[in-house]
Amino acid sequence: MCATDRPRPRPLLVVADAGARLVRRGLVAPGDAVRWEGARVVVFRLGPVVCELPAACVDAPSRAPYLPRDSQPARAHPVVHPGVRRCGPRMTLALHNTLTRRVEPFQPLAPPRVTLYTCGPTVWNYAHLGNFRTFLFEDLLRRYLEASGYDVFHIMNLTDVDDRTIKAARAAGTTLRQHTEPFVRAFFEDRDYLRLRPAHAHPRATESVAAMITLVRRLLDSGVAYQGDDGSVYFAIDRFPGYGRLSRLDRREIKVGARVASDEYAKDDPRDFALWKKAGPDDEAVGAAWDAPFGRGRPGWHLECSAMSLREIGTRFGVQTLDIHAGGVDLIFPHHEDEIAQSEAATGRPFARWWLHGEFLNVRGTKMSKRFGNFLAARDLREQGVDAAAVRLLFWQTHYRKPLDFTDAALAAAGEGVKRLGEFRARLSGEAGEGGTLKASLTVEGKREGRLAELAAEFEAAFRAALDDDLNAPQACAALFQLVHAGNRALDAGAGGARAALAALDRAMAVLDVLPTPRAPEPDMARWIEAQVAARERARKSKDFKEADRIRAALRARGVELEDTPTGTKWRVV
Ligand SMILES: [Zn+2]
């Protein structure tokens, strides 16, 4: 059989009908996609493969349309099917918990669901690259949880009212809303540029004030909060015995009754902090004041995150404990310490099971800040034409709990790495698409053959072991480039198994997402490519596969990668 005639995998079906037999057996859940591949059935959960089953074990699911994520019913616990790899999350992930200062096996409250809250940007200005280092580590966390079979619900707030936003709006002579709106849009543009998966919920502080007022009332009612003689409402830290647990404050440092009104204050000066600040002239001038039973005012920054996270998980899942709360190390004190105090004093339950914190980004050896003149915004890189994949790879090459130095040389090296990956994928794709089936085949047991398949299996084991170990991305990247190195040599030697290697690479890319951004070619070049693709299609139709392969090779030589899909051939420049 000619390579180009190989049977294609049966089309993807997405399970929507809860009555489908697959679902009843607990093998797949609504929203999962199922594809028949010879003797196997491969199950995907919102992208990544979550399990593989012998085809004989399952019946065809219904062809009902895709069920939107938000309307999916709660999932049952995963069922272990005899003789096959377990469906659902793999329980081998361990994460460093700031609460215990230890790496602990990760166990969410109600698997496979994971509730993840990450402190979002304060939209008083553009988010800088240091902020994005934190957001990227959180993206890696989320993507790896999803790739491991967890059903993650990710909440990232937008802080659009706090001391800094009010000060900036006042200085600009505008309202809070007018000042913050462009920075909200800019944040989403930067997020998309850096390929961060959008959160499932992006609550805004100014749209969540009712939940904040309710939380302050609960804290006043329970006696841990009090109204100061300045009209603001404060949290009394000496009335919450667990205060200081996350940041390991020495309890003797706590000064009973001493208060602090500002959102940010020094670590060595723990004081009663403001939950609700009485409105002043600046607040009124920018439209940052709301009526409340305890006086007109505005929320403190720490209160905002507690109120928004508790509301989201309470209304959606009926729980008061997050599985994971993450942020930068600079948020441990006072922000996260205060979040714990407010939330736990109100609910009587643990606020978050895991606390994860990412380290700083240094630029030229110093923590990035405007003061040191080494401030870099994500959009600066975009405007300089830097491929986001290079930024991502550069960040993955340092563990999230270690400081990272951002230099032009390191960025250029990461860019080279990204290019190598793109070239390797193009080679694999070429082999798997046209000549691959001659060298790699599926046996009746579904076992993949060929040196490349062996390398892919070794790579996936190493990749998972690295990320299971507290998201050791540097080690996962080392395994990836080992695959590129050994895989290129195997390809040079004409080895088989390209399809398996390509699939493994794509699964890893669903987590790291570091393939080069496709470049748009010049119009003349695009016309030439289109003509070549059409000529190849004609050759294939007339069964002139030698000519079709020649055209493909000519395109590849110019960096054009082809992908044959049921709706036609797609191309991209790599
Ligand atoms: Zn926060």
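Every read-out reported here was derived from the displayed coordinates using simple, explicitly stated rules and does not represent laboratory data. For clarity, every value in this text was computed on a predicted model and none was experimentally measured. Cβ sites come from the backbone with ideal geometry, for glycine too, and all protein chains shown count toward neighbours.
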Spatial separation of Cα centroids for the stretch 140-160 and the stretch 196-239, in angstrom:
24
For the stretch 295-382, just the Cα atoms, rotate onto the principal axes and tell me the three extents in Å, largest first.
45, 35, 26
First measure r as the distance between the Cβ atoms of residue 291 and residue 107, then evaluate 1/(1 + (r/R0)^6) with R0 = 35 Å and state the FRET efficiency to the nearest 0.05.
0.20
Quick calc: nm separation of the 7 Å Cα→Cβ label points for residue 188 and residue 537 -> 3.5
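Taking the Cβ-Cβ separation of residue 164 and residue 489 as r and a Förster radius of 51 Å, what is the calculated FRET efficiency to the nearest 0.05? If you can, show how the numbers build up before the last one.
On the way: r = 54 Å, r/R0 = 1.05.
Once rounded, the FRET efficiency stands at 0.45.
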Taking the Cα of residue 284, stepping 7 Å toward and past its beta carbon, and measuring to each backbone N in the stretch 220-238: which are under 16 Å?
231-232
Once amide hydrogens are built 1.01 Å from N within the peptide plane, the residues lying 5 or more places from residue 152 or on another chain with amide H under 5 Å from its amide H are 114
Alpha carbon centre of the stretch 477-491 versus the stretch 274-292: separation in Å?
58
With the cut-off at 22 Å, tell me which of the pairs 167/402; 541/570; 419/541; 277/367; 367/402 have Cα atoms farther apart than that.
167/402; 419/541; 277/367
Simple SL model, points at 7 angstrom along Cα→Cβ for residue 419 and residue 481; separation in nm is 1.5
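Enumerate by residue number the trypsin sites (Lys or Arg not before Pro) in the stretch 527-574 meeting two conditions: DSSP loop (anything except H, G, I, E, B), and at most 13 other Cβ atoms within 10 Å of the site's Cβ. Before the final figure, lay out the partial values.
On the way: sites: 527, 536, 538, 540, 541, 543, 546, 550, 552, 556, 558, 570, 572; in loops: 543, 558.
For trypsin sites (Lys or Arg not before Pro) across the stretch 527-574 that sit outside H, G, I, E and B with at most 13 neighbouring Cβ atoms in 10 Å, the list reads 543, 558.
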Using a simple spin-label model with points 7 Å from Cα along the Cα→Cβ vector, what separation in nm is obtained for residue 520 and residue 383?
1.9
Alpha-carbon centroids, the stretch 494-555 and the stretch 320-379: separation in whole Å
43
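If I take R0 = 41 Å and measure r between the Cβ atoms of residue 565 and residue 171 in this structure, what FRET efficiency does the formula 1/(1 + (r/R0)^6) give, to the nearest 0.05?
Values: r = 53 Å, r/R0 = 1.28.
My answer for the efficiency is 0.20.
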Leading residue at positive end of dipole, the stretch 134-273 (Cβ point charges), from 150, 273, 136:
150
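Given 0.36 nm per residue, what is the gain on full extension from residue 547 to residue 315 after removing their alpha carbon distance, in nm?
Numbers: separation 232, 0.36 × 232 = 83.52 nm, distance 6.03 nm.
77.5 nm is the gain from fully extending residue 547 to residue 315.
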